[in-house]
1. Can you work out the Karplus-derived ³J(HN,Hα) for every residue in region 136-153? Use 6.51 cos²θ - 1.76 cosθ + 1.60 with θ = phi - 60°, whole Hz, and x for glycine or proline.
2. By counting other Cβ atoms within 10 Å of each Cβ, how are D11, D147 ranked from fewest to most?
3. Could you check what % of the DSSP bridge pairs in region 1-136 are antiparallel, to the nearest 5?
4. For the chain, what is the calculated [θ] at 222 nm in deg cm²/dmol (nearest 500), taking -39500 (n - 2.57) for each run of four or more DSSP H residues and dividing by its residue count?
5. Tell me, what ³J(HN,Hα) does each residue in region 12-29 have, in order and in whole Hz, if you take phi through Karplus 6.51 cos²θ - 1.76 cosθ + 1.60 with θ = phi - 60° and put x for Gly and Pro?
6. Counting pairwise Cα distances across the chain, what percent come out greater than 29 angstrom?
7. Points 7 angstrom from Cα along the Cβ direction at S54 and E90: gap in nanometres?
8. Taking the number of other C-beta atoms within 10 Å as the exposure measure, put R38, R59 in order starting with the fewest.
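Only the coordinates and a few stated rules stand behind these numbers; no lab work does. Values in this document were obtained by computation on a predicted structure and should not be read as measured data. Here the Cβ positions follow ideal geometry from the backbone for every residue, glycine too, while neighbour counts run over all protein chains shown.
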Amino acid sequence: MARGAVIFDLDGVIVSTDDCHYRAWKRLADEEGIYFDREINHRLRGVSRMESLSIVLERANRPYTAEERQMLAERKNAYYRELIAELTPEDILPGIKPLLERLKEHGIKIAIGSSSKNTPLILERIGLANYFDAVADGNAITNSKPDPEVFLLAAKKLGVPPAHCVVIEDADAGVEAALKAGMRVIGVGTAAGNPRATWTVASVADLSWEKLVKCFPDV
Ligand code: B16
Ligand code: MG
């Protein structure tokens with residue numbers, strides 16, 4: 001049986017696509033005359049595209065039909081894909097590549113647990129398309145974070161019990177999702193101040209290997 005697994009969130013943990021999301025939503029909101037700033041953007045972390053749109057439209061001064069919402073979401077995604085098309089392996093965040101390699105060396109499984117439907121494109125752009133033991137993403141789930149579905153799916157695909165999985169997340173919604181899945185969770189970046197996380201670090205580059213392997217007693 002596998003020794004355990006680390007499940008990585010994608011946006012904001014592996015790569016800073018969180019800023020690309022912000023710029024794409026900002027462009028859409030400006031075109032529609034809707035107020036949008038980084039504080040509102042913070043609420044979109046980890047949640048699905050359509051739920052994100054509902055949050056953006058809270059500031060709209062008129063209602064939008066279901067058809068209009070669909071078109072707005074598609075427009076935002078086109079802007080976002082223009083930005084992520086520029087990603088390269090250089091955009092992988094500090095500390096990620098050495099951690100992934102060390103986990104592999106020690107027989108600890110690695111997976112992606114992301115709400116994003118653009119996960120395959122992002123992984124391809126940063127050169128990690130066939131790197132993970134399992135990928136669970138927005139294309140395969142019905143309920144996005146804070147629902148635990150994406151992390152439970154990752155664990156199932158890996159064949160590792162949830163209690164033997166550790167999640168690394170930058171979103172408060174993702175911290176809740178991991179806890180609901182019965183997993184331990186390390187809060188990084190914007191989740192580094194989240195008291196609900198099992199432990200927190202400013203960046204994956206600051207993560208202690210000694211502390212992490214204690215989660216996997218037989219390693
Ligand atoms: P897409 P994660 C999430 O990815 C983002 O944090 C969130 O801001 C975004 O709305 C969501 O993916 C859906 O993304 O529009 O590409 O399907 O942080 O769970 O990796
Ligand atoms: Mg994230």
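1. Each residue of region 136-153 in turn: 10, 9, x, 6, 10, 10, 9, 10, 8, 3, x, 5, x, 3, 5, 6, 5, 5 Hz.
2. The most exposed by this proxy come first: D147, D11.
3. Around 10 percent of the beta bridges assigned by DSSP in region 1-136 are antiparallel ones.
4. Computed mean residue ellipticity for the chain: -12000 deg cm²/dmol.
5. With coefficients 6.51, -1.76 and 1.60, one gets x, 10, 7, 8, 7, 6, 4, 6, 5, 4, 4, 5, 5, 5, 5, 4, 4, 4 Hz.
6. 23 percent
7. My value for the distance between the label points is 4.0 nm.
8. Arranged by neighbour count, lowest to highest, R38, R59 become R38, R59.
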